[in-house]
1. Along each of the three principal axes of the Cα atoms of segment 14-85, give the extent in whole Å, ordering the values from largest to smallest.
2. For segment 32-152, with every protein chain kept in place, what is the accessible area per residue (1.4 Å probe, Å²)?
3. How do 130-140, 160-170, 47-57 rank on mean C-beta neighbours within 10 Å, highest first?
4. If R0 is 22 Å, what FRET efficiency do you get for residue 163 and residue 115 from their C-beta distance, rounded to 0.05?
5. Quick one: if the Förster radius is 25 Å, what FRET efficiency do residue 45 and residue 107 give, using the C-beta to C-beta distance and rounding to 0.05?
6. Would you compute, from DSSP H runs of 4+ residues alone, the mean residue ellipticity of the chain at 222 nm, taking -39500 (n - 2.57) per run and dividing by the full residue count, rounded to the nearest 500?
7. To the nearest Å, what is the center-to-center distance of segment 133-176 and segment 45-94, using C-alpha atoms only?
8. State the extension gain, in nm to one decimal, for the chain segment bounded by residue 91 and residue 31, taking 0.36 nm per residue of separation less the distance between their alpha-carbons.
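The values are calculated or read from the model by the stated rules, or taken from the named source; none is laboratory data. Please read these numbers as outputs of a predicted model, since none were measured by experiment. Glycine gets a Cβ as well: all are built from the backbone with ideal geometry, and neighbour counts include every protein chain shown. We work out accessible area using only protein heavy atoms, side chains counted, and drop any ligands, DNA or RNA first. Shrake-Rupley method; radii C 1.70, N 1.55, O 1.52, S 1.80 Å.
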Amino acid sequence: MAKGSLSEIEAGLPIWAAAIANRLDFFRRRHSSKRSIGKLTVVLAALRRRVAAPDGGHETLLAFLHACLALLEEAAALRADLASIARDLATLCDMARTSLDGDCDDRPLIAHEDNMKGLSGASRWAAQVPGRVVWLAAMAAEVPDAEAEAAIMLVNDLASVDSDFPLRALHTAVRA
């Protein structure tokens, strides 16, 4: 493989990051763009360097999770299709941040999401993101065998809100 190839870069990543890299590469291949592989490779190379630092994997994961929440709140404030649930999304994001700082229990978020009736389209996926954020943190800390699946589910839901969000969140995490 060429130096700096996606496979070579993934080798130095934690489970959650490698799973996200694979998923983003899958999305890229489906929408075939040479430019997007360049952006993805640059972000993943920076991510690899960041996670190599002492406690870099954990710090970068938290930065990624917080970036996911910030992007979701940004979208809720700007997009008409999310306006009707903007208040609930803000509540869910606040709950997720509190949980990330504490016990990483996603059950209260799931309960709140379950009370949000009639969601469809981007609203449905957006409402799931905060719980997925907390779930990925919990799996990374306690159930490494489920870490990749949790990361993929978060990326799928986040990409369903906006296809650029997962890569933007990784980019933000690298800069944090």
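1. 41, 32, 17
2. Details: 6130 Å² over 121 residues.
With the other protein chains kept in place, segment 32-152 gives 51 Å² per residue.
3. On the way: 130-140: 25.8, 160-170: 20.2, 47-57: 15.5.
With the highest mean Cβ count within 10 Å placed first, the list reads 130-140, 160-170, 47-57.
4. Working: r = 28 Å, r/R0 = 1.28.
In this case the efficiency is close to 0.20.
5. On the way: r = 37 Å, r/R0 = 1.48.
So the FRET efficiency works out to roughly 0.10.
6. Details: 9 runs with 133 residues, N = 176.
Taking each H run of at least 4 residues, the total per residue is -24500 deg cm²/dmol.
7. One Cα centre to the other: 9 Å.
8. On the way: separation 60, 0.36 × 60 = 21.60 nm, distance 3.38 nm.
Length gained between residue 91 and residue 31: 18.2 nm.
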